[in-house]
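The values are calculated or read from the model by the stated rules, or taken from the named source; none is laboratory data. Values in this document were obtained by computation on a predicted structure and should not be read as measured data. Cβ: placed from backbone, ideal geometry, glycine included. Neighbour counts: every protein chain shown. In case anyone asks, the SASA skips ligands and DNA or RNA and just uses the protein heavy atoms, side chains included. Shrake-Rupley method; radii C 1.70, N 1.55, O 1.52, S 1.80 Å.
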Amino acid sequence: MADFDAIVVGSGMSGGMSAKELTERGLKVLVLERGPQIIPERDYTDQLAPWETPNLDNVPQDEISQHYPKQYGGVAYAIKQSTKHFWVKDDEHPYAEAEGTSYDWLRGYHTAGRSIMWSRQTYRLGPQDFTANQSEGIAVDWPVRYEDIEPWYEQVETFAGVAGSEEGLEQLPDSVFQPAFTLTDAEIAFKQRVETRFNGRRVIPARIAHLTDATEEQRSLGRSNCQARNRCHHGCSFKAYFSSLNATLPAAQRTGNLTIIHNAIVQGLDFDPQTSRISGVRVVDAQTREHRTWTSRIVFLNASAIASAMILLQSRSETFPNGLANRSDQVGRNLMDHVSSSGVAGILNGFEHKTTFGRRPSGGIYIPRYANITENDKPYKRGFGFQGGARPLGNAGGQIAGIGREFKEAHRRPGPWRINVLAFGEQLPDPENRVTLHPTKRDRWDNPLALFNVSYGDNEHIMQQEAVQDAVAMFEAAGCQNITVSEADLSKPGNRIHEMGTARMGRDPETSVLNGWCQAHDVPNLFITDGAFMTSSACQNPSLTYMAFSARAADYAAGLLAAGEL
């Protein structure tokens, strides 16, 4: 008899949703989390002021160089003295890069994973995102369409809470919204000027996973409305932003069907060729290095697109000599991220007498994709969305000399407003962009290191060059002054922290790993619902899509179990 009905590997964005849905269907579920437990009352630091921590909450440079060169280089804004425990130490969790590859693998190993640290931009994929591969003859066709996932978007949004505005855009379908955060006067002016000048482009409030009108169910989980403090990267004691620690894991726990084991590193999945099923999940304790095998009727891999691919590649057997469920040789391939290049900023005059109240969290404005939607004949495929916002700089942009009362009051006097945007673009799937197991190097738990071999193609380079030109043109049309373009090439692969695609869905087992239910073609009791299943990346932040597919797959798997088919 199996130890559990289901094992979920990973407790983050998709793992938490998988656990919630499976436990609510009555299944006994074990969640294996490779990192330590996070206890908000102990580990969240959103109630600390910077002067209450060493170095005004800055991490010393020598500590960054030793422990966080990759993590800090990718998300310096989020790694503080009081939050560094949310991020892995690079020297303790190394990985390798093939010649010509520079990859940022930005991670948090603990309860809820990166759902604690994400920036909470929350968008649905549109109908075009599920058909683009087929219509353009790229990679393989998605085995689902927007209509298949739409009700699961609605279910997840209703539970999680998304602040946003109804816009009626086909390429960016509306969600189930709570009230949006209000645009500033400068953003409203920018919106009016851009939409007047560029027919088909829209400037809308960013859609973010923050409660602004908490429902009864959300309050029953101890959640409350956003306090507009913008301390989100320290954790949220109000549980106002969505994370699996704030929402899905507590929902699973209240069913009485959830067991969580921390410091449990999954090393492989055992395959039984007689039943064509996974027969066990092999685990090593991160602290004691003791080994244990857990059993269940079904397994959900939610370790992240990279970690899930590595688990499959490590799970070799006579049936699958190249890794579990890898008959197609697609495991680890088609590794995608979103891509950015230079940010564009400018000064918007005429609002010096305006101010803001509170500190709005996360996003400000969002410019949905228009390339190859309302504007065609582009020299590239797919497109991008812009994320950004406007804020008052204060007198002289904050560069004021002095001390004492006069110094403080000078900063309060009206000053110009600065607006900035950054494009997040789609990366096309490419089977040569991949993560594999290093042939010789291993970590302290005797697991092979990840070896990355990833580069951008011409489409990503051309698209981002055009995105910067488009942004400058919109700033000029809006009357911005002192327009600047940051000196930056393309963001490094992995740096947008949206890795996906390493075990893609598809219709044909010869060219894909999973079917349309995130179920492995060749291993019926294996489901993968983290970013690995993505067949293409679209340009929208993907976490909402991961959760919607997780909920859909969990419902399907529970149905198969109930029918005795698994």
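Peptides 202-210, 325-333, 267-275 ordered by packing proxy, namely the average of other Cβ atoms within 10 Å per residue, highest first: 202-210, 325-333, 267-275. Accessible surface of region 235-337, 1.4 Å probe: 43 percent of it comes from carbon and sulfur atoms. Under the criterion of Cα pairs below 8 Å and six or more residues apart, the relative contact order for the chain equals 22 percent. Angle check, please: helix 458-477 long axis (alpha carbons) against the longest principal axis of the chain (alpha carbons), in degrees 0 to 90, nearest 10. In the chain, helix 458-477 runs at an angle near 30 degrees to the longest axis. Farthest toward the positive end of the dipole of region 1-147, out of Ile38, Gln71, Thr23, is the Cα of Thr23, where the dipole comes from beta carbon charges about the Cα centre. To the nearest 10 degrees, how steep is helix 185-197 against the longest Cα principal axis of the chain, on a 0 to 90 scale? Computed tilt is about 80 degrees. Centre-to-centre separation between the Cα atoms of region 289-344 and those of region 174-234: 35 Å. Distance between the C-alpha centres of region 245-269 and region 467-491: 45 Å, rounded to the whole angstrom. D for region 258-365, whole µm²/s, Stokes-Einstein with Kirkwood Rh over alpha-carbon pairs at 20 °C and 1.002 mPa s: what number? After rounding, the answer is 118 µm²/s. By accessible area, using a 1.4 Å probe on protein heavy atoms only, region 113-155 has 46% of its surface on carbon and sulfur. Mind jotting down the distance between the C-alpha centroids of region 50-122 and region 493-563, whole Å? Centre-to-centre (Cα) distance: 27 Å. Shown are Asp522, Asp458, whose ranking by accessible area with a 1.4 Å probe and every protein chain present, most to least, is Asp458, Asp522.
Over region 201-277, all Cα pairs binned in 10 Å intervals from 0 give whole-percent P(r) values of 15, 31, 25, 16, 11, 2, listed from short to long. Using just the Cα positions, wrap region 122-187 in a convex hull and report its mean projected area in square nanometres, one decimal place. Result: 5.8 nm². For region 295-454, the direction-averaged projected area of the alpha-carbon convex hull comes to 18.2 nm². Debye-formula intensities of region 494-566, expressed as log10 I(q)/I(0) at q = 0.18, 0.24, 0.25, 0.27 Å⁻¹, are -0.69, -1.07, -1.13, -1.23 (one equal scatterer per alpha-carbon, no solvent). Hey, if you drop one equal point scatterer on each alpha-carbon of region 60-152 and run the Debye formula without solvent, what base-10 log of I(q)/I(0) do you get at q = 0.17, 0.22 Å⁻¹? Relative scattering, expressed as log10 I(q)/I(0), comes to -0.86, -1.02. If the Kirkwood radius is taken over C-alpha pairs of region 442-554, then at 4 °C and 1.567 mPa s the Stokes-Einstein diffusion coefficient equals 74 µm²/s. Accessible area per residue for the chain, computed on protein heavy atoms with a 1.4 Å probe, is 39 Å².
Computed packing ranks the peptides 531-538, 158-165 as 531-538, 158-165, most packed first, by mean other Cβ atoms within 10 Å. Mean residue ellipticity at 222 nm, helices only, the chain: -7000 deg cm²/dmol; runs of at least 4 DSSP H residues each add -39,500 (n - 2.57), and the sum is divided by the number of residues. Pair-distance distribution of the chain: all C-alpha pairs, bin width 20 Å, starting at 0; shares per bin in whole percent are 21, 57, 21, 1. Bridgeable aspartates and glutamates around Lys70 (alpha carbons under 16 Å apart, same-chain partners fewer than 8 residues away excluded): Asp62, Asp90, Asp91, Glu92, Glu97, Asp104, Glu499. Taking the 1.4 Å solvent-accessible surface of region 367-521 as the whole, the part contributed by carbon and sulfur is 46%. 3J(HN,Hα) along region 26-41: x, 7, 7, 10, 10, 9, 9, 10, 6, x, x, 7, 9, 10, x, 4 Hz, from the Karplus curve 6.51 cos²θ - 1.76 cosθ + 1.60 with θ = phi - 60°, whole Hz, x for Gly and Pro.
Ranked by solvent-accessible area (1.4 Å probe, protein heavy atoms only, all chains present), the residues Asp174, Asp3 order from largest to smallest as Asp3, Asp174. Straight Cα distances below 16 angstrom link Lys28 to the lysines Lys20, with same-chain residues fewer than 8 positions distant left out.
Per residue and in cubic angstrom, what volume does the convex hull of the Cα atoms of region 153-269 have?
It is 176 Å³ per residue.
Only protein heavy atoms count here; on that basis, with a 1.4 Å probe, Thr355 has an accessible area of about 90 Å².
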